[in-house]
Amino acid sequence: MSREQLFLMRAQALTMSGVPITALDRAAADAAISTTVRASGGVRNCTAAFAYEFGEHPDLTAERMRGARRAVAMLYGSG
């Protein structure tokens with residue numbers, strides 16, 4: 001998996017996790033990402049769930065994804 005793919009996967013998983021993104025530290029983000037990916041049945045299923053959610057609620061999902069991307073960039077570095 002490339003750095004960019006890992007960055008996007010982390011942001012998608014955070015978006016899907018439902019945890020408040022504003023006050024995340026690295027350990028909380030790691031836990032939320034792992035839990036979400038496992039609950040989805042893996043990275044591909046998590047990505048599929050994200051795509052479905054984006055299709056159903058584009059306004060909410062897009063806003064949350066922007067916050068997740070900022071959080072991932074701060075906590076892990078840019079993709």
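Annotations
Residue by residue, here is whether (1) of a type in the set (A, V, I, L, M); (2) touching a helix residue (DSSP H, G or I) at 6+ places or on another chain (Cβ under 8 Å) holds:
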residue: Ile33; (1), (2): yes, yes
residue: Ala39; (1), (2): yes, no
residue: Val43; (1), (2): yes, yes
residue: Phe54; (1), (2): no, yes
residue: Arg64; (1), (2): no, yes
residue: Arg70; (1), (2): no, no
residue: Leu75; (1), (2): yes, yes
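- For region 1-32, the tally of residues that are exposed (fewer than 13 other Cβ atoms within 10 Å of the Cβ) and among the polar types (S, T, N, Q) stands at 3.
- Region 3-40: number of residues that are of a type in the set (S, T, N, Q), in contact (Cβ under 8 Å) with a residue 24 or more places away in the chain and over 15 Å from Thr61 (Cα atoms): 3
- Selection over region 38-53 of residues that are surrounded by fewer than 17 Cβ atoms within 10 Å (Cβ to Cβ) and outside any loop (DSSP other than H, G, I, E, B) gives a count of 8.
- Unique match (being β-branched (Val, Ile, Thr), crowded, with 16+ Cβ neighbours inside 10 Å and in a helix (DSSP H, G or I)) among Thr61, Thr35: Thr61
- Filtered by the rule that a residue be within 14 Å of Glu53 (Cβ to Cβ) and part of a helix (DSSP H, G or I), region 8-32 gives Ala11, Gln12, Ala13, Leu14, Thr15, Met16, Ser17.
- Tallying residues that are among the aliphatic types (A, V, I, L, M) and either touching a residue at least 24 places away in the same chain (Cβ under 8 Å) or under 22 Å from Leu75 (Cβ atoms) (or both) within region 41-59 yields 2.
- The set of residues in region 53-62 being farther than 19 Å from Pro20 by Cβ and either within 14 Å of the chain's Cα centre (by Cα) or among the β-branched types (Val, Ile, Thr) (or both) consists of Phe54 alone.
Any read-out appearing in this document is the output of simple, stated calculations on the displayed coordinates, not a laboratory observation. Quick caveat, the model's predicted, so the values are computed rather than measured. Cβ coordinates were reconstructed from backbone atoms using ideal geometry, including for glycine residues, and neighbour counts include every protein chain displayed.
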